[in-house]
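**Student:** Below: one structure in C-alpha cells.
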Amino acid sequence: MSEQQRQGAERDLYRDTWVRYLGYANELGEAFRSLVPAAVVWLSYGVSSSYVLADAIDKGKKAGEVPSPEAGRSTRMALAVVDTFAWQSLASVAIPGFTINRLCAASLYVLGTMTRWPLTVRKWTTTTLGLLAIPVIIHPIDRSVDFLLDSSLRKLYPSVEKPSTP
C-alpha cells in the first residue's frame, strides 16, 4: 500500500475533513442570534448535535474493529461512544455555545448602554465579535475538556486509550 493510500485509510471523516466544521454550526447560530429567528439558532444546535452523535457512533464502530485482549468488544465500543459523546458534547456544543452566547449578549448590552449606535449596527457588531471569537476559543476549550475528562470520566476506564481529539 502506498503512503498516500495509507494516509487515506487512516483519515477520520469526522475530524480530518470538512465534516468537522458541522460541529461549529451552533457557534455560528449563537453569533447570529441577534439577527436571525430563534428557530435558526435551534437548527444550528441540531446540526452540531447530529455531528456529535455521528462521530460518537463512528468511534464506537471503529473501536469494535480493533482486536484487543484487554476488554471485550462491546465494552470497547461502549467506552468509545461514551467518551467521544461526552467530549464532543462539551467541546463542540455546550461550552462554545454558552461562551459565544454570553459574549454576544454582553457585547450587545454594553454597546446599547455605551454607544448611540443604531440597533442594526449594534447587532452586526455583536455578530462580528461572536464570529471573531470562534477561532480564539476553540483550542482552549478543547484542552480544558481534555483536562476535565482526564480528571473525571476517563479515570473510570484507565486501561482504554482515549480517542484523539480534533
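**Student:** Could you provide, to the nearest whole Å², the per residue accessible area of the chain with probe 1.4 Å?
**Tutor:** On a per-residue basis, the chain sits at 60 Å².
**Student:** Per the 1.4 Å probe, what fraction of the accessible area of the stretch 31-166, in percent, lies on carbon and sulfur atoms?
**Tutor:** Ligands and nucleic acids excluded, carbon and sulfur reach 71 percent.
**Student:** Can I ask one more? Which whole DSSP H helices in the chain pass both tests: a Cα extent of 15 Å or more along the axis and a mean Kyte-Doolittle value no lower than 1.0?
**Tutor:** Both cut-offs are met by 95-114.
**Student:** Of the listed values [x] 1.04; [y] 1.25; [z] 0.99, grab the one calculated as Cα Rg over 2.2 N^0.38 Å from the structure here.
**Tutor:** [y]
**Student:** Within the chain, what is the number of lysine pairs with alpha carbons under 21 Å apart, leaving out pairs fewer than eight places apart on the same chain?
**Tutor:** So the count works out to 4.
**Student:** Might you report the magnitude of the Cβ-based charge dipole of the chain about its Cα centre, with Lys and Arg at +1 and Asp and Glu at -1, to the nearest 20 debye?
**Tutor:** 480 debye
**Student:** Could you work out [θ]222 nm for the chain from helices alone, using -39500 (n - 2.57) per DSSP H run of at least four and dividing by all its residues? Round to the nearest 500 deg cm²/dmol.
**Tutor:** Mean residue ellipticity, 222 nm, calculated: -23000 deg cm²/dmol.
**Student:** Ordering L132, L90, L119 from largest to smallest accessible area (1.4 angstrom probe), what's the sequence?
**Tutor:** Correct descending sequence by accessible area is L132, L119, L90.
**Student:** Using Cα-Cα distances under 8 Å and only pairs 6 or more residues apart, what relative contact order does the chain have, in percent?
**Tutor:** Value for the chain: 27 percent.
**Student:** How long is the gain from L119 to V36 if the chain were fully straight, where each residue apart is worth 0.36 nm and the alpha carbon distance is subtracted?
**Tutor:** Difference between extended and current length: 28.5 nm.
The values are calculated or read from the model by the stated rules, or taken from the named source; none is laboratory data. Please read all numbers here as calculations on a predicted model, not as lab measurements. Using ideal geometry, Cβ is built from the backbone for each residue, glycine included, and neighbour counts are taken over all protein chains shown. Note: accessible area is taken over every heavy atom of the protein model, side chains too, but ligands, DNA and RNA are not part of it. Shrake-Rupley method; radii C 1.70, N 1.55, O 1.52, S 1.80 Å.
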